[in-house]
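**Student:** Here you go, one structure.
FYI, it's all coordinate maths here, none of it is from the lab. What you see is a predicted model, and the numbers here were worked out from it, not measured in a lab. For neighbour counting, all protein chains shown are included, and Cβ atoms are generated from backbone atoms with ideal geometry for every residue, glycine included.
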Amino acid sequence: MMLGRVKGCVVSTVKHPSYEGKKVLLVEPVSPDGTPKRGTVVAVDTVGAGDGDIVLVASEGRSATEILGFSTRMPLRSVIIGIVDHIELYRP
Amino acid sequence: MKLGRVVGKLWATAKDKKLNGLKLYLMQPVDESDRPLGSELVAVDTVGSKEGDLVYWVGGAEATFPFQDRQIPSDVTIVGLVDRLDLAEDRPA
């Protein structure tokens with residue numbers, strides 16, 4: 001999973017049917033201390049994330065198929081699967 | 001998934017037959033401010049993109065699954081056209 005900050009949402013009319021009715025957000029990758037990194041990701045929200053939230057994005061393996069309950073595999077890879085409340089870093 | 005800008009079209013007569021009938025575009029991955037990220041990619045289109053469109057695309061194994069009845073040999077597939085980006089920083093406080 002990847003850590004990121006929600007920057008906004010994608011408004012889209014013409015899209016693959018697997019994206020119908022889903023909230024599609026823009027997520028900027030961040031390091032654990034909150035420093036932004038380049039490479040904005042487009043991810044489907046499953047937890048009610050909003051602007052500025054630090055979120056967990058899964059883009060590996062069969063995460064999206066499992067979480068969204070598709071019966072067949074779909075061209076959808078990145079899903080927001082958690083909103084981070086707190087991170088504790090062990091090194092100073 | 002990531003954002004991209006369609007920057008060109010590509011034709012290939014000799015290709016895997018599973019790509020027959022599909023449109024190939026040159027697509028530049030971009031961030032939300034339209035700044036390029038890395039180099040251009042060749043993408044299979046599934047949504048009727050046109051040159052200059054802002055799109056989102058999927059990579060990896062999921063790129064092979066746009067159709068119910070068959071898998072396609074693609075590792076970059078365009079799956080949506082962006083109407084607009086609603087960015088928090090652009091909204092009035």
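**Student:** Which is farthest toward the positive dipole end of chain B among B:Gly38, B:Leu10, B:Asn20, measuring Cα position about the Cα centre, with Cβ charges +1 (Lys, Arg) and -1 (Asp, Glu)?
**Tutor:** B:Asn20
**Student:** Choose one of A:Leu25, B:Leu87, B:Pro29: the residue whose Cα lies farthest towards the positive end of the charge dipole of the protein assembly as shown (beta-carbon charges +1 Lys, Arg; -1 Asp, Glu; about the Cα centre).
**Tutor:** B:Pro29
**Student:** Answer rounded, prolate or oblate for chain A, using the Cα gyration tensor with square roots of eigenvalues a ≥ b ≥ c: rounded when a/c is under 1.5, else prolate when a/b is larger than b/c, else oblate.
**Tutor:** prolate
**Student:** Taking the alpha-carbon distance from B:Lys9 and a cut-off under 17 Å, which lysines remain once sequence neighbours fewer than 8 residues away in the same chain are dropped?
**Tutor:** B:Lys23, B:Lys50
**Student:** What is the stretch B:2-83's relative contact order, in percent, from Cα pairs under 8 angstrom and six or more apart in sequence?
**Tutor:** Once normalised by length, the contact order is 31 percent.
**Student:** Are there GluC sites (Glu not before Pro) in the stretch A:19-92 that DSSP puts in a loop and that have at most 16 other Cβ atoms within 10 Å, and which ones?
**Tutor:** A:Glu20, A:Glu60, A:Glu88
**Student:** Something else: Need one number for the stretch B:2-83: average projected area of the convex hull over its C-alpha atoms, nm².
**Tutor:** Numbers: hull surface 21.4 nm².
Answer in nm², one decimal: 5.4.
**Student:** Which whole-Hz couplings ³J(HN,Hα) result when phi for each residue of the stretch B:12-28 is put into the Karplus expression 6.51 cos²θ - 1.76 cosθ + 1.60, θ = phi - 60°, listed in order with x for Gly and Pro?
**Tutor:** So the Karplus estimates, Gly and Pro as x, are 9, 7, 8, 7, 4, 5, 6, 8, 4, x, 9, 8, 10, 10, 8, 9, 9 Hz.
**Student:** Mind giving me the nanometre distance, one decimal, between the label points for B:Arg35 and B:Asn20, set 7 Å out from Cα along Cα→Cβ?
**Tutor:** With each label placed 7 Å out from Cα toward Cβ, I get 4.5 nm.
**Student:** Using Cα pairs closer than 8 Å and at least 6 residues apart in sequence, work out the relative contact order for chain A, in percent.
**Tutor:** So the answer I get is 30 percent.
**Student:** Could you give the length gained by full extension between A:Met1 and A:Asp85, i.e. 0.36 nm per residue of separation minus their alpha carbon distance, to one decimal place?
**Tutor:** Stretched out fully, the A:Met1 to A:Asp85 stretch lengthens by 28.7 nm.
**Student:** Filter the chymotrypsin sites (Phe, Trp or Tyr not before Pro) in the stretch B:1-63 to those in DSSP coil with at most 13 other Cβ atoms within 10 Å of their Cβ, and list the result. Please list the in-between numbers first.
**Tutor:** Details: sites: B:Trp11, B:Tyr25, B:Tyr56, B:Trp57; in loops: B:Trp11.
Counting only loop positions with at most 13 other Cβ atoms within 10 Å, the chymotrypsin sites (Phe, Trp or Tyr not before Pro) in the stretch B:1-63 are B:Trp11.
**Student:** Of the trypsin sites (Lys or Arg not before Pro) in the stretch A:34-84, which ones lie in a loop per DSSP and count no more than 16 other C-beta atoms within 10 Å?
**Tutor:** A:Lys37, A:Arg38, A:Arg62, A:Arg73
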